[in-house]
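Working notes, structure below.
The values are calculated or read from the model by the stated rules, or taken from the named source; none is laboratory data. Nothing here was measured: the structure is a model prediction, and the numbers come from that model. Note: ideal-geometry Cβ built from the backbone for every residue, glycine included; neighbour counts use all protein chains shown.
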Amino acid sequence: MFTGSITALVTPFRDGEVDYASIEALVEFQIEQGTHALMPCGSTGESATLDHAEHQAVIDAVVRAARQRVRVIAGTGSNSTREAMDLTRAAEESGVDGALLISPYYNKPTQEGIYRHYRAVAEHVGIPLIVYNIPGRTASKIEPETLARLAEINNVVGVKEATGSVDQALDVIRLCGDSLAVYSGEDSLVYSLMTLGGKGVITTTGNVAPRAMADLTEACLREDWVTGRRIQFDLLPLIRCLFSETNPIPVKAALALMGKCGAELRLPLTAMAESNLERLEDVLAEYGFV
């Protein structure tokens, strides 16, 4: 089982192309700061604008840079089941430790369709799979009862809960118990979900503050709730600033201000509004990051 702080890595670009040198530097920064696992090619990694060759090359680059010092969980989801199967198999062949798959978007499948989608991918590969439940991006929610069915599949091991609903997480943990690990998909709810039995977070904020996110999850895993609550509250101003615009616009701007990589995005994402950027720089300065 994966536990702790899993950073959903940005994909840095330079002049329209993937910046592989910056990927390597970001991986080193994450490992030095205590991140427990890395996740390339998720929403934060702008996977929707990567072509298939780039998608695979980014995963390969992270696996190489990590050198088995931390686990790598690749984002391999698609609204096409066949494409998700192919992406996940390719990631498996690259040597990843697991895969995160977003629920099919745009198609708006029924709960039965969602279940069969994940079952088909699980039967196609041997690596552990984490389900990604984020109805704000997919237009459909995976119900707790469906997750309980998915938990019966051997290599479906977890769910990234980004519904923003503690009630949803309560029902998932109640129905699935230890058969499905729950990871917070909301950086502001890490402490709340881990007090209920969650195993960690798949985090955007971890790109900027990897040590603090690792400390937060480690405190919660050892049931040091006083320390965990303090770290969660300390991080809230940064978290809210990093989600003041569509992810990953602010986090890329933050990393650029920190000198970690460029702020370049791919359309349809655009640069951060100047007023928000000024506030972001002030917040980063308050934390000592710039």
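Results, tabulated for the structure shown:
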{"read-out": "Out of Asp60, Asp86, sole residue that is part of a helix (DSSP H, G or I), under 19 Å from the mean Cα position of the chain (by Cα) and surrounded by fewer than 22 Cβ atoms within 10 Å (Cβ to Cβ)", "value": "Asp60"}
{"read-out": "Filtered residues of the stretch 4-47 (kept if part of a strand (DSSP E or B) and among the acidic types (Asp, Glu))", "value": "Glu17"}
{"read-out": "Odd one out for Gly95, checked against (1) at pLDDT 95 or above; (2) on the phi > 0 side of the Ramachandran plot; (3) more than 19 Å from the chain's Cα centre (by Cα)", "value": "(3)"}
{"read-out": "Restricting the stretch 141-156 to residues that are surrounded by fewer than 20 Cβ atoms within 10 Å (Cβ to Cβ) and within 19 Å of the chain's Cα centre (by Cα), the residue that is modelled with the lowest pLDDT", "value": "Lys141"}
{"read-out": "Residues that are over 26 Å from Ala263 (Cβ atoms) and more than 14 Å from the chain's Cα centre (by Cα), drawn from the stretch 200-215", "value": "Asp215"}
{"read-out": "Tabulated pairs, the stretch 132-144, first farther than 17 Å from Arg119 by Cβ and part of a loop (DSSP other than H, G, I, E, B), second of a type in the set (A, V, I, L, M) and modelled with pLDDT under 95, C-beta under 6 angstrom, 6+ apart or interchain", "value": "Ile134/Ala162"}
{"read-out": "Unmet requirement for Gly197, which otherwise passes all of (1) part of a helix (DSSP H, G or I); (2) among the small types (Gly, Ala, Ser); (3) in contact with a helix residue (DSSP H, G or I) (Cβ under 8 Å, 6 or more places away or on another chain)", "value": "(1)"}
{"read-out": "Total residues in the stretch 108-130, condition touching a residue at least 40 places away in the same chain (Cβ under 8 Å) and under 18 Å from Met1 (Cβ atoms)", "value": "4"}
{"read-out": "Residue list for the stretch 73-82, restricted to those being of a type outside the set (Gly, Ala, Ser) and under 17 Å from Glu46 (Cα atoms)", "value": "Ile73, Thr76, Asn79"}
{"read-out": "Residue among Leu175, Leu170, Leu221 that alone is in contact with a Pro (Cβ under 6 Å, 6 or more places away or on another chain), touching a residue at least 24 places away in the same chain (Cβ under 8 Å) and surrounded by fewer than 21 Cβ atoms within 10 Å (Cβ to Cβ)", "value": "Leu175"}
{"read-out": "Filtered residues of the stretch 228-248 (kept if surrounded by 16 or more Cβ atoms within 10 Å (Cβ to Cβ) and over 15 Å from the mean Cα position of the chain (by Cα))", "value": "Gly228, Arg229, Ile231, Gln232, Leu235, Leu238, Cys241, Ser244, Glu245"}
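Let's see how each residue does on (1) surrounded by fewer than 19 Cβ atoms within 10 Å (Cβ to Cβ); (2) of a type outside the set (Ser, Thr, Tyr):
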site	(1), (2)
Glu28	yes, yes
Gly34	yes, yes
Ala37	no, yes
Pro40	no, yes
Gly45	no, yes
Thr49	yes, no
His55	no, yes
Gln68	yes, yes
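Every residue, every condition in (1) part of a strand (DSSP E or B); (2) touching a strand residue (DSSP E or B) at 6+ places or on another chain (Cβ under 7 Å); (3) surrounded by 24 or more Cβ atoms within 10 Å (Cβ to Cβ); (4) of a type in the set (A, V, I, L, M, F, W, C), yes or no:
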position	(1), (2), (3), (4)
Ala91	no, yes, yes, yes
Ile114	no, no, yes, yes
Glu123	no, no, no, no
Tyr183	yes, yes, yes, no
Leu193	no, yes, yes, yes
